[in-house]
1. Out of all the residues in the range 302-325, is one or more hydroxyl-bearing (S, T, Y), open to solvent by 50 Å² or more (accessible area, probe 1.4 Å) and out of contact with any helix residue (DSSP H, G or I) (no Cβ under 7 Å at 6 or more places or on another chain)?
2. Consider R24 carefully, then state whether it is at pLDDT 90 or above, open to solvent by 70 Å² or more (accessible area, probe 1.4 Å) and touching a Leu at 6+ places or on another chain (Cβ under 8 Å).
3. Being open to solvent by 80 Å² or more (accessible area, probe 1.4 Å) and without any contact (Cβ under 8 Å) to a residue 12 or more places away in the chain is the filter here, so list the residues in the range 334-345 that pass it.
4. Does any residue of the range 60-74 turn out to be in a loop (DSSP other than H, G, I, E, B), open to solvent by 50 Å² or more (accessible area, probe 1.4 Å), of a type in the set (A, V, I, L, M) and within 27 Å of A190 (Cβ to Cβ)?
5. Out of the range 150-174, which residues are of a type in the set (D, E) and touching a residue at least 12 places away in the same chain (Cβ under 8 Å)?
6. Among the residues of the range 248-265, which ones are surrounded by fewer than 17 Cβ atoms within 10 Å (Cβ to Cβ) and in a loop (DSSP other than H, G, I, E, B)?
7. Take the residues of the range 202-225 that are assigned to a loop (DSSP other than H, G, I, E, B) and open to solvent by 50 Å² or more (accessible area, probe 1.4 Å): which is nearest to D163 (Cα to Cα)?
Amino acid sequence: MAETRVLVVDDEQSMRELLGIMLRQVGYAVTLADGGETAVEALKSDAFDLVITDLRMRKVDGLAVLRAAKEHSPRTVVLVVTAFASTETAVEAMKLGAYDYVTKPFKLDELRLTIANALERKRLQEENRELKRQLRREHGFDGFIGKSPRILEVFETIRKTADSGSTVMITGESGTGKELVARAVHQESARRNQPFVSVNCGAIPETLMESELFGHLKGAFTGAVASTEGLFAAADGGTLFLDEITEIPQTIQVKLLRAVQEREIRRIGDTRDIKVDVRLIAASNRELSKAVADGILREDLYYRLNVIPIHMPPLRDRVEDIPLLIAHFVARITKDVGKSVRAISPESLPAHVRAPRDERAVEVDIPPTGMDLEGTLTRIENRYIRLALERSGWLQIRAAELLGLSFRQFRYKLQKHGLRAGRGGPKPPVQS
């Protein structure tokens, strides 16, 4: 078990050394700081389980040490020591996040007990966090059902990137659960207690899009009978999820790009810019590289949004999850209808789902004027390669696996199509 690390901060040498001796006798690893300045520097470079700081010190006081602890190591427990005459300041320290305060003069036994209680609470909090992490590892996230390799990849990406604060682009067919991913990213992040605002861009009329996103002032246009704050302002401090991002008109995409880059918005009819602290998550069921090539999605906005790509696989690519999903829905139906439902019969499924795969093959046609078969196949292959790169987060090995190709075959096809796979995606113009 790792040693408990304690930082003692006091500009009185005798008090500093007394506390150091007492804590080392208990078995803690102790670092002594002769003032607030030294303590703040120590907090920037080292991790501590507990900070014991005097409140009244020259130059940098105990409140500054407390603030530094909460900034650089939020889970560090802070205990403040104060003279009886400065209890008001001690109460202020409690409001800033101190665990407790001890007034001088104090008994060492009482201080030992306070320290033990503080560290025990920290241990229980960490144990609780670890149990929650373990449950998520075993059972996934709220709303998610599945243990297939493809869905576990999604879980792992969410866990690794949730706290980064970077923009996320979620792709996947309709019904695959893109909003569930967005909510999971939000819940796993430090913004979990702040708003999560979700909007389907395809459901907003084009004429109202700017007002919905950024807000407007009263009288800014006909019908603006009251001022509105807009979705960005509503999500301030939290997460804004923009589903079907490609449905936003190009004129609004320019303003959205500015909001992402500058972290500020301007309401319609206003002359002032408003700072916003929003994590943006976007989603689309389109092939985004094609949307960029077709002029539907601005390329600069695409790169700003696609910092963390997450692809939600369709159910046909994770068939191992089907029995789990069936069991889940059978249990839910049983609860909803109040009757025992034991299984789902294949005859209950729609005819088009039960149809053999070859009956649902992609339809093809030859124009009356004929066609260039080689050129058509080349264009199709080009698009599949781009899509695989996009869905794999531009990892060539994973893209090759998605297409059932060896890495060497995939590299050959990249060269054949004049594509370059980097973190930002393929750069050459799309073949028409």
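The values are calculated or read from the model by the stated rules, or taken from the named source; none is laboratory data. Quick caveat: nothing in here was measured; it's all calculated off a predicted structure. Cβ atoms come from the backbone with ideal geometry, glycine included; neighbour counts cover every protein chain shown. For accessibility, only protein heavy atoms count, side chains too; no ligands or nucleic acids. Shrake-Rupley method; radii C 1.70, N 1.55, O 1.52, S 1.80 Å.
1. Yes, that holds for at least one residue.
2. no
3. K335, D336, V337, K339, S340
4. no
5. Those that are of a type in the set (D, E) and touching a residue at least 12 places away in the same chain (Cβ under 8 Å): D163, E173.
6. P249, R263
7. The selected residue is P205.
Here's the yes/no breakdown for (1) under 19 Å from L19 (Cα atoms); (2) aromatic (F, W, Y):
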position	(1), (2)
H72	no, no
V77	yes, no
A83	yes, no
E88	no, no
V91	no, no
L96	no, no
Y101	yes, yes
E110	yes, no
L113	yes, no
